[in-house]
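Structure below; questions to follow.
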Amino acid sequence: MLDTERYCGGEDAEETHPIYKMKLYIKRNLAEELTLESLAELVHLHPQYVSRLFKQRTGLTLMDYIIQIRLEKAMPNLPPYQFQHSLF
């Protein structure tokens, strides 16, 4: 049986929380293939539970979070976009 207080509540052990572990893993392994199943396996939880828990805690789906982090990392490397002003 899962200790729901440990996984869903309390701030006493943030570094041991599965979401914290997944976020850290994602940031360190952005170039790798990151799937719900592999991340759930990382924290030893069922993928559906991980999906719900992640959305609850972050407000984002796991895949949206991964995309957001990848975009944030890529943004500084992109050339600045310059608008062309034209009438037509």
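The values are calculated or read from the model by the stated rules, or taken from the named source; none is laboratory data. Here the structure is a predicted model, which is why all the values come from computation and not from measurement. Cβ: placed from backbone, ideal geometry, glycine included. Neighbour counts: every protein chain shown. When the accessible area is computed, the model is the full protein with side chains, heavy atoms only, and any ligands, DNA or RNA have been set aside. Shrake-Rupley method; radii C 1.70, N 1.55, O 1.52, S 1.80 Å.
Quick check on region 49-67. Is at least one of its residues in contact with a Leu (Cβ under 8 Å, 6 or more places away or on another chain), open to solvent by less than 70 Å² (accessible area, probe 1.4 Å) and at pLDDT below 90?
No, that holds for no residue.
OK, next. When you look at LYS73, is it at pLDDT 90 or above, surrounded by 14 or more Cβ atoms within 10 Å (Cβ to Cβ) and outside any loop (DSSP other than H, G, I, E, B), yes or no?
In short, no.
Considering only residues that are free of Cβ contacts under 8 Å to residues at least 12 places away in the same chain and open to solvent by less than 100 Å² (accessible area, probe 1.4 Å), look in region 32-48 and name the one that is nearest to ALA74 (Cα to Cα).
Within region 32-48, the match that is nearest to ALA74 (Cα to Cα) is THR35.
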